[in-house]
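The values are calculated or read from the model by the stated rules, or taken from the named source; none is laboratory data. All values derive from a computational prediction rather than experimental measurement. Please note: Cβ atoms are built from the backbone with ideal geometry, for glycine as well, and neighbour counts cover all protein chains shown. Protein only, heavy atoms only, side chains kept; ligands, DNA and RNA dropped before computing areas. Shrake-Rupley method; radii C 1.70, N 1.55, O 1.52, S 1.80 Å.
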Amino acid sequence: MSIATVPGAEPVVTISTPSRQGWWRRFRRRPPAVIGLAGVVVVVVVAVFAPLLAPQSPVASQFGHVLVGPGVAGHILGTDQLGRDELSRLIYGSQSTLEVGVLATLLAMVLAVPIGIASGYYRGAVDMVAMRVADVVLAFPFLLIAVGLAAIFKPSLQNVIIALGLAQLPGSIRIARAEAMALREQDFVQAAIVTGVRDRVILFRHLFPNMLSPLLVQASVSIPAAILGSALLSFLGLGVQPPTPSWGNMLATAQTYLYNDPWIAILPGIAIFLTTLAFNLLGDGLRDLFDPSMR
Amino acid sequence: MSGQVLEVDRLRMEFRAPRSSGGHRVQAVRDVSLEIGEGEILGLVGETGSGKTTVGKCVVRLLTPTAGRITFDGKEITAMAARALRPIRSQIQMVFQDPYSSLDPRMTVAQIVAEPLRAHGHPSREQVRVLVSRTVERVGLSAGVLERFPHELSGGQRQRVGLARALVLEPRLLIADEPVSALDVSVRAGILNLLADLQRSMGFSCLFITHDLSVAEFLCDRVAVMYLGEIVEVATRDELFDDARHPYTRSLLAAAPLADPVQQRSRTRSVLPGEPPSTTEPPPGCSLHPRCPLADDRCRQESPAATVVSRQGHLARCHRVEEQLSLEVSRP
Amino acid sequence: MADLLTVRNLGVRLFDRGGVVMAVRDLSLSIGAGEVLALVGESGCGKSVTALALLRLLPEDARIEGSVEFGGRDLTRLSIKELRAVRGGDIAMVFQEPMTSLNPSFTIGNQIIEVLRLHRGLRGHEARQRAAELLSLVRIGAPEQRLRAFPHQLSGGMRQRAMIAMALACDPQLLILDEPTTALDVTTQAQILDIVRDLQKRLGMSILLITHDLGVVADLADRVVVMYAGAKVEDAEVHRLYAAPRHPYTAGLLRALPRGGRRTGGGAERLTEIPGLVPVLRAPLDACAFAPRCPRSIEQCHKVAPVLEEMDPDHRVACFNPEPVPAAPS
């Protein structure tokens, strides 16, 4: 704390706490969160620089080297049933996996935030309608939505994203709505209303910026959920279509060879596990960080 | 009476409790009438649950009253639609109790104080800047705070920012809801002095809501005392503090401990027994009768009307106000 | 000396985001048998930390120095097991917010009986009867019935009474009241103060009263210790302190109060402000902590830390330039 005295006025006190650096300092004190962040960074880097990192093409088959074990013939992690380099496929697989996770969550957020804010702030009829719609969406298992979409259109990355995004919509709406309702009762929002600030301004300037933190936490939890969901869809053949690798469809094809060549199932499994774990650890860390009672 | 800045006439505010807790009707405010003249500070004093804050929220139209009439500057605003209300909002401003939650944590002081100006269409950036810095200076803050965020300020400084936001539009009426009860004594003194000074220099009228009689005594021209949603006594400051007539007011005065051991220990304590009953089912007759040592059959059956005590507008809602009051509550 | 509790050179360092905070600095005080000692100060002055330190209820990472002597033992050196027997036994504590100190899922009766069982070994009908007695001691009507109430079914005042009843369960020698009436309305506060005053007289226990409210102090205390920035600045018998405060901070607090007929208006009465803010000390200070805000500060105040000196009989002040004693009113 530093005190600078201005004549005739209360001294200006700087409490050097919840500034931006303060966040990082507090974040750093939570090893699981730091590990989670590191894991997420690794996955993102791998996905972005896949063409540079992958030793070989993920789709080029070498029929002379089918299902070779790790370390054989220059294949660090072996090859799959079509003789494609497993490591390269894992690296490229991170792209579609991450894409589904991030885009599905983004889709859910983009739809949920305006709906949630409006129903939390205005309550009344808007709220009723929004919540009933959310209940209806929630009543359909997301698998059903995904199967439906795949049946009507055809299985594709885009449809996986839409299905998973819709599946996450009710949860995200509820979060945004709860935040908006809590913020609406805060004195600073009441003050804005009393002052005659327009609703539009209140929503954009007071409500939205103050709910970013909990939304970020929600995103860090729903990305791994979407990743797991996409793996499940791929496993059922409804997800990303071969030959494009995704960890889910790698896992799906590997089941045939589980008995003799377990590594081609184990490796994408581990990749999915570690990635979701990393996001979840990061999410828990962020939650603690933004929780005022933990400060 | 004409020429009043604010007139509240038989205001009623009922809430419906959530169905989970029975769905009872809570009668937060029952038939409250009051008026505030030009440049007058009216204190609204009461304990938790007396409805004093609800009255304030109705006046600033954060709530729409169940019944009654609120007239600001001759215009009825009781159920005015949001669009019509907007220009009037610039004339009625509010200061809140909690200096922590009443400022948006993500806005700088300059942005916070500028917000009312922008909301009411002040065109030029330069004009806004000048008005903001002038107001900030007026509430006793240095220009150094303009670019700071609320969490970088002390409680007293934040409350000054809240005051600057409320006064930047030079409103005619200020609703101050317990503005000093969250502050320490030494800081509180500064805010009270400031409020008194600003009122004198700017001339606004003020509804000052507080639970602290000593604060009301220091600052207010007139004081209204609320109990269980009703105003039980209203009088000029001097009459209320020197010659209170309602048993509840007298009990409040007796209950507040004096910061002087000699006086405090020698006074006869006449504190009401028990606690206020629930607002979902206020007692019949006079709402104070279950706790009042003077209560008789009439008090138990018939709700008292406001009795005129003096020509200076001293009213007390008590059947027995005429009788010489000698309130001696036996200690329980 | 018949002192029940003697605190010597208590120092508490706490840690927050900004690093170390010198929450209590070299604080010594004693409470005699049957004495009501008030510890007064504004938020952050260290008064509550002091109380928590006495019973070692502070967070794990707090650093405590000095000694706390109670009944011939140093509480800072007791094992956790020994300490537990003292807490809630010989020393009981009542906190500001009764709702958070009572367990919401047990009845008042269960919670009082639990204390009686732990510390007194009472059981069954005997315990129940004693619990009901305790409730009537704090003037709760129909005590048998109230024993069956859950905390949320009681009003704030009733909960605080129940807390006091629980604190009295083991006939403590010392009762620590930490802002006991701050969350309550004035009429309820007056009722609680009446109860505490009455019980203290009847049971003869000592009380350590922690509060920021100078009215509550004037009502209950025998002696007052004023704290500022973690240190004791003044210590006096209650009447003497209010009549002739010697430390400029104490005097300032009393003048800042809107009390006793101070009214604005034509006369433009003003309250005395204490400019500036309570500092948060992060390192030992070679000066008076109040000096930057003090209207009476002299050069020395900024260079040397004042120590407590006996200025008048039973009146100690830590100040180089104390307020003059006002002329005795005729």
### Task
Could you state how much accessible area C:ASP16 has, in square angstrom rounded to the nearest 10, with a 1.4 Å probe and all protein chains kept in place?
80
### Summary
With the full set of protein chains present, the residues of region B:141-157 whose 1.4 Å probe accessible area falls by 30 Å² or more relative to the chain alone are B:SER142, B:ARG148, B:HIS151, B:GLU152, B:SER154, B:GLN157
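Write down the Kirkwood hydrodynamic radius of chain B, to one decimal in angstroms, obtained as one divided by the mean of 1/r over all alpha carbon pairs. Walk me through the intermediate numbers first.
Details: mean 1/r = 0.0473 Å⁻¹.
It is 21.2 Å.
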### Message
From Cα pairs below 8 angstrom and at least 6 apart in sequence, can you work out the relative contact order of region C:6-84, rounded to a whole percent?
### Response
36
### Per residue value of the accessible surface for region B:106-169 (all protein chains in place, 1.4 Å probe), Å²
38
### Query
Using a 1.4 angstrom probe with every protein chain in place, what is the largest-first accessible-area order of B:LEU192, A:LEU98, A:LEU258?
A:LEU258, A:LEU98, B:LEU192
#### Entry: Kirkwood hydrodynamic radius (C-alpha pairs) into Stokes-Einstein, chain A, 25 °C and 0.890 mPa s, D in µm²/s
113
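Using packing as a proxy for protection, rank A:226-236, A:32-42 so that the peptide with the highest average count of other Cβ atoms within 10 Å comes first. Show your work: numbers first, answer last.
Numbers: A:226-236: 24.1, A:32-42: 16.8.
Descending mean neighbour count gives A:226-236, A:32-42.
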### Message
Tell me the total accessible area that C and B bury against each other, 1.4 angstrom probe, in square angstrom rounded to 100.
### Response
3800
## Note on the structure
Rounded to the nearest 100 Å², the accessible area hidden between A and B, summed over both chains at a 1.4 Å probe radius, is 2600
### Query
Given the rule -39500 (n - 2.57) for each run of at least 4 DSSP H residues, summed and divided by the residues of chain A, what is its mean residue ellipticity at 222 nm, to the nearest 500 deg cm²/dmol?
-22000 deg cm²/dmol
### Message
Given the C-alpha atoms of the protein assembly as shown, compute the convex hull and give its volume per residue in Å³.
### Response
226
## Note on the structure
Kirkwood-based Rg/Rh on the Cα set of region B:111-228 evaluates to 0.98
### Summary
Tilt, helix A:263-290 to longest principal axis of chain A (alpha-carbon atoms), in degrees rounded to tens, equals 10
### Message
If I stretch the segment between B:GLU137 and B:LEU85 completely, what's the gain in nm (0.36 nm per residue apart, minus their alpha carbon distance), one decimal?
### Response
15.8 nm
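Hey, got the dipole for region A:148-295? About the Cα centre, +1 on K and R Cβ, -1 on D and E Cβ, debye to the nearest 20?
Using Cβ point charges on Lys, Arg, Asp and Glu, region A:148-295 gives about 420 debye.
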## Note on the structure
Per 10 angstrom bin, beginning at 0 and ending with the bin that holds the maximum distance, the Cα pairs of region C:100-171 fall in percents of 23, 61, 16
### Task
Quick one: angle between helix A:124-139 and the longest Cα principal axis of chain A, in degrees between 0 and 90, rounded to 10, please.
20
### Message
Between A:TYR257 and A:PHE204, what is 0.36 nm times their sequence separation minus the Cα-Cα distance? Round to one decimal in nm.
### Response
13.7 nm
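Using only DSSP helix segments of four residues or longer, with each worth -39500 (n - 2.57), what per-residue ellipticity at 222 nm results for chain C after dividing by its residue count and rounding to 500? Intermediate results must be reported in sequence, preceding the final value.
Values: 11 runs with 103 residues, N = 330.
Result for chain C, helices only: -9000 deg cm²/dmol.
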### Summary
Note: C:LEU118 to C:SER79 extended length (0.36 nm per residue) minus current alpha-carbon separation gives 12.3 nm
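Determine the shape class of region B:150-215: with a ≥ b ≥ c the square roots of the Cα gyration tensor eigenvalues, call it rounded for a/c under 1.5, and otherwise prolate if a/b is greater than b/c, oblate otherwise. Display every interim value, and only then the final one.
Details: a/c = 1.76, a/b = 1.19, b/c = 1.48.
Judged from the Cα gyration tensor, region B:150-215 comes out oblate (a/c at least 1.5, b/c at or above a/b).
Just tell me how shielded A:261-272 is by partners: mean number of partner chain Cβ atoms within 10 Å of each residue's Cβ, no decimals. If you can, show how the numbers build up before the last one.
Details: counts 0, 0, 0, 0, 0, 0, 0, 0, 0, 0, 0, 0.
Counting other chains' Cβ atoms within 10 Å and averaging over A:261-272 gives 0.
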### Message
Considering only protein heavy atoms and a probe of 1.4 Å, how much of the accessible area of region B:106-169 is carbon and sulfur, as a whole percent?
### Response
50
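In whole percent, and with a 1.4 Å probe on the protein chains, what portion of the accessible area of chain C is carbon and sulfur? Don't jump to the answer; show the numbers that get you there.
On the way: 7150 of 13900 Å².
Roughly 51 percent, rounded to a whole number.
Which order do you get for A:TRP247, A:TRP23, A:TRP263 if you rank them by accessible area with a 1.4 Å probe, largest at the top?
Working: A:TRP247 15, A:TRP23 70, A:TRP263 45 Å².
Ranked from most to least accessible, the order is A:TRP23, A:TRP263, A:TRP247.
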### Query
Can you pull the mean other chain C-beta count within 10 Å for peptide C:237-246?
2
### Message
With a cut-off of 8 Å between alpha carbons and a minimum separation of six or more residues, what is the relative contact order of region B:1-142 in percent?
### Response
20
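Can you tell me the accessible area per residue over region C:104-155, all protein chains present, probe 1.4 angstrom, in square angstrom?
Here the per-residue accessible area is 56 Å².
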### Task
Would you please give the FRET efficiency between B:GLU76 and A:GLN158, computed as 1/(1 + (r/R0)^6) with r the Cβ-Cβ distance and R0 = 51 Å, to the nearest 0.05?
0.35
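At a Förster distance of 56 Å, what's the computed FRET efficiency of C:ASP3 paired with C:SER136, Cβ-Cβ distance as r, to 0.05? The partial results should precede the final answer.
Numbers: r = 32 Å, r/R0 = 0.57.
According to the calculation, E is roughly 0.95.
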### Task
At a Cα cut-off below 24 Å, give the lysines reachable from B:LYS57, other chains included and same-chain residues fewer than 8 away excluded.
B:LYS75
### Summary
Within the set C:LEU137, C:LEU208, C:LEU57, GNM on chain C using Cα springs under 10 Å gives the largest fluctuation to C:LEU57
### Task
Give the carbon-plus-sulfur fraction of the accessible surface of region B:223-321 in %, rounded to a whole number; probe 1.4 Å, heavy atoms of protein chains only.
48
### Task
Just report the Cα centroid separation between region C:128-163 and region B:216-274, whole Å.
29
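Compute the FRET efficiency between C:ILE298 and C:SER28 as 1/(1 + (r/R0)^6), taking r as their Cβ-Cβ distance and R0 = 35 Å, and round to the nearest 0.05. Write out the running numbers ahead of the final one.
Working: r = 25 Å, r/R0 = 0.73.
Once the sixth-power term is evaluated, E becomes 0.85.
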### Task
Take the alpha-carbon centre of region B:125-185, take the same for region C:1-42, and report the distance between them in whole Å.
37
### Message
Using the Cα centre of the protein assembly as shown as the reference point, and only Cβ charges (+1 on K/R, -1 on D/E), how large is the resulting charge dipole? Debye, rounded to the nearest 20.
### Response
1480
#### Entry: Antiparallel bridges, percent of DSSP beta bridges restricted to the protein assembly as shown (to nearest 5)
60
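Tell me which GluC sites (Glu not before Pro) from region B:115-163 have a DSSP coil assignment and no more than 15 other beta carbons within 10 Å of their own. Present the calculation step by step, with values, prior to reporting the outcome.
Numbers: sites: B:GLU126, B:GLU137, B:GLU147, B:GLU152; in loops: B:GLU147.
In loop regions of region B:115-163 (DSSP not H, G, I, E or B), the sparsely surrounded GluC sites (Glu not before Pro) are B:GLU147.
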